[in-house]
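Report on one structure; see the data block that follows.
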Amino acid sequence: MTTTTTSSQPVVHTSAGPVRGERRTHGVRFLGIPYAQPPVGPLRFAAPVPPEPWTDVRDATAYGPTAQRRPLFDITTIPEPSIPGEGTLNLNVFTPDAAPGAGHPVLVWIHGGGFLAGSTASPWYDGDSFNRDGVVVVSIGYRLGIEGFLHLPDAPDNRGVRDWIAALEWVRQNIASFGGDPDKVTIAGQSAGGGAVQTLLATPAARGLFRAAISASGAVMQPQGREIAEAVTQRLANHTGGPVTAAMLQNLSDAELITLQDALASPGTPLLLLAPFADGRLIPEPVPDALTTGDAGSDVPLMLGFTAHEFNAVPQPGATAETLHALLAALGLDEARTRAFVETYGDGDPGGLQSQAMTDVVFRAPGLAIAEARARHGRPTWLYEFRLRSAAPGFTGLAYHCTDLPFAFDLLDAEGVTAALGDRPPQHLADAVHTAWTAFVHDLDPGADWPAYTAARRETRVWDTAPHTDADPLHRVRAIWCAPGHRPTD
């Protein structure tokens, strides 16, 4: 495979055919490159199939179709365009130098959105700043919701996970032609994307396709057993009045499929019902177990962390002291830990405390458990907490979900950042966070001022107006949620 260059539109020859990109300030971007055939018709619920080859130069200067047909919520933190079209299994490459043999390290980005939404076309995922610092960025689209994750008796399970693996295989085969090094791939993602990173660490079929991982606010479905996935399918069958199969769903319109998806989201339904699960084959065991009691990803350097108030902006109407204590009991806290929780966060608004409990259970406690388990075995792990509080109206005083991303990508001037963080988010913090991410991708270490997490000191990087590293700053969270033998329940 070769690369040819004009003044502004380089052409790279991939394994399927040539693509034309667009030169920018710090590199070249190639958008909407198919890594698999469109998942329509007989392929809608099949494992991904390599793209049909082409011979003419394919224009790759506009984002391709997204699997997202509507945002997850009416108002979202991250601008996430929905782009119509069938060829949703596409990816974007942002490279400093589209020349074979340049050998730049590669960051493969997996977007969030609860495994139901999200878009690679977000301006928050632009790779320009990483290109400036010598890193190739690849952002991948994948099947969502029912198409990606519903268990069906006549289709392969975890189709979205298979999409991630197919995209990583494409990177392995093609990224050298874009100036990347296929042996220096780091996978990264946030929220559901962070859960995707954790899932790939626990998936044998993904081994050898990446050398390092970053899980930002990673979330996975818990519990994760096959019986849970089968129960979700049965729930949908109860709604439709008959068996739910790929053959039955294959020809439904996107709108009809979304209507069925909505039927699973009644009040009281746990988050992430349509998500990766341990099917016993592709994903042999539940991801939390694989990462905390097994040796999954033991040789892969891992950076992981979360924000201090992930879900604290989510309203809890009707919350009372009674509903708070009922929630904490349902999450597995005994009387002593319930008292510790209230003492830790203050005996204040019950709704705020309920939101904090969900922040802890979905993000902070699982992340801490992974760091603890890896530290006990001496596996290279770096833990952080993002604490910068937003100054934006409606979010003032919260370090909430997604707000760390403009700092990691060094994109404080991107669309939507002011609305999320206020008028003057600190550039010096973006410099620090982005530098740590870039160093990790380059050298498998975020830098000397952020030592690895150890069982003796529990070193944790605190991202705030004055970035610093503390020894065990999350000891209270760990004591409440991560006691031996304790796991929060859904």
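The values are calculated or read from the model by the stated rules, or taken from the named source; none is laboratory data. Please read all numbers here as calculations on a predicted model, not as lab measurements. We place every Cβ from the backbone using ideal geometry, glycine too, and count neighbours over all the protein chains shown.
Among residues of segment 360-375 that are among the polar types (S, T, N, Q), none has a beta-carbon under 6 Å from a residue that is in a helix (DSSP H, G or I) at least six positions away or on a different chain.
Matching residues to (1) in contact (Cβ under 8 Å) with a residue 60 or more places away in the chain; (2) among the polar types (S, T, N, Q); (3) buried (at least 16 other Cβ atoms within 10 Å of the Cβ):
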site: T396; (1), (2), (3): no, yes, no
site: D410; (1), (2), (3): yes, no, yes
site: G422; (1), (2), (3): no, no, no
site: A432; (1), (2), (3): no, no, yes
site: T438; (1), (2), (3): yes, yes, yes
site: D443; (1), (2), (3): no, no, no
site: A448; (1), (2), (3): no, no, no
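For D410, the requirement of being modelled with pLDDT of 95 or more, farther than 30 Å from E322 by Cα and charged (D, E, K, R) is met. Filter segment 341-351 for residues that are at pLDDT below 90 and on the phi < 0 side of the Ramachandran plot and give the result. Scanning segment 341-351 gives D347, G348, D349. Suppose we keep only residues that are over 30 Å from F277 (Cβ atoms) and either more than 20 Å from the chain's Cα centre (by Cα) or β-branched (V, I, T) (or both) within segment 175-193. Which one would you say is surrounded by the fewest Cβ atoms within 10 Å (Cβ to Cβ)? Here the answer is D183. Does T418 fit the bill of being among the hydroxyl-bearing types (S, T, Y), in a strand (DSSP E or B) and out of contact with any Cys (no Cβ under 9 Å at 6 or more places or on another chain)? No; evaluated as a whole, the condition is false for this residue.
Results for (1) closer than 30 Å to E459 by Cβ; (2) out of contact with any helix residue (DSSP H, G or I) (no Cβ under 7 Å at 6 or more places or on another chain); (3) aliphatic (A, V, I, L, M); (4) surrounded by 14 or more Cβ atoms within 10 Å (Cβ to Cβ), shown as yes or no for each residue.
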site: Q224; (1), (2), (3), (4): yes, no, no, yes
site: E227; (1), (2), (3), (4): no, yes, no, no
site: Q234; (1), (2), (3), (4): no, yes, no, no
site: M248; (1), (2), (3), (4): no, yes, yes, yes
site: D254; (1), (2), (3), (4): no, yes, no, no
site: T259; (1), (2), (3), (4): no, yes, no, no
site: L264; (1), (2), (3), (4): no, no, yes, yes
site: L274; (1), (2), (3), (4): no, no, yes, yes
site: M303; (1), (2), (3), (4): yes, no, yes, yes
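In segment 55-83, what residues are touching a helix residue (DSSP H, G or I) at 6+ places or on another chain (Cβ under 9 Å), of a type outside the set (D, E, K, R) and either outside any loop (DSSP other than H, G, I, E, B) or more than 23 Å from V93 (Cα to Cα) (or both)? Of everything in segment 55-83, just one residue is touching a helix residue (DSSP H, G or I) at 6+ places or on another chain (Cβ under 9 Å), of a type outside the set (D, E, K, R) and either outside any loop (DSSP other than H, G, I, E, B) or more than 23 Å from V93 (Cα to Cα) (or both), namely T77. Between P380, P288, the distinction of being at pLDDT 90 or above and surrounded by 18 or more Cβ atoms within 10 Å (Cβ to Cβ) belongs to P288 only.
Tell me which residues, restricted to segment 82-101, are more than 16 Å from V11 (Cβ to Cβ) and either hydroxyl-bearing (S, T, Y) or modelled with pLDDT under 95 (or both). Matches in segment 82-101: S82, T88, G101. In segment 21-40, the qualifying residues are those that are farther than 11 Å from N131 by Cβ and of a type in the set (V, I, T), and the one that is surrounded by the fewest Cβ atoms within 10 Å (Cβ to Cβ) is V40. Mind counting the residues in segment 237-246 that are surrounded by 17 or more Cβ atoms within 10 Å (Cβ to Cβ) and out of contact with any helix residue (DSSP H, G or I) (no Cβ under 6 Å at 6 or more places or on another chain)? Residues flagged as surrounded by 17 or more Cβ atoms within 10 Å (Cβ to Cβ) and out of contact with any helix residue (DSSP H, G or I) (no Cβ under 6 Å at 6 or more places or on another chain) within segment 237-246 amount to 1. Considering segment 138-192, the residues that are in contact with a Gly (Cβ under 6 Å, 6 or more places away or on another chain) and not aromatic (F, W, Y) include one that is farthest from R226 (Cα to Cα), namely D181. Within segment 173-192, being touching a helix residue (DSSP H, G or I) at 6+ places or on another chain (Cβ under 7 Å) and of a type in the set (G, A, S) holds for A188, G189.
If only residues of segment 9-49 that are part of a strand (DSSP E or B) and of a type in the set (K, R) are counted, the one that is nearest to F94 (Cα to Cα) is R29.
So that you can scan it fast, the table gives a plain yes or no per residue for (1) free of Cβ contacts under 8 Å to residues at least 40 places away in the same chain; (2) more than 19 Å from E86 (Cα to Cα); (3) touching a His at 6+ places or on another chain (Cβ under 7 Å):
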site	(1), (2), (3)
R23	yes, yes, no
L31	no, no, no
V49	yes, no, no
T61	no, no, no
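Would you mind telling me which numbered condition in (1) over 15 Å from F45 (Cα atoms); (2) of a type in the set (D, E, K, R); (3) within 15 Å of the chain's Cα centre (by Cα) D163 fails? For D163, the failing item is (1).
Residue-by-condition table, conditions (1) on the phi > 0 side of the Ramachandran plot; (2) touching a strand residue (DSSP E or B) at 6+ places or on another chain (Cβ under 6 Å); (3) of a type in the set (S, T, Y):
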site	(1), (2), (3)
G103	yes, yes, no
L107	no, yes, no
H111	no, no, no
D126	no, no, no
N131	no, yes, no
V136	no, yes, no
S139	no, yes, yes
R143	no, no, no
E147	no, no, no
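Residue check, L209 against (1) outside any loop (DSSP other than H, G, I, E, B); (2) touching a residue at least 40 places away in the same chain (Cβ under 8 Å), all met but one. Which one? Here L209 meets the rest and fails (1). For the criterion of being modelled with pLDDT under 95 and surrounded by 24 or more Cβ atoms within 10 Å (Cβ to Cβ), I78 passes.
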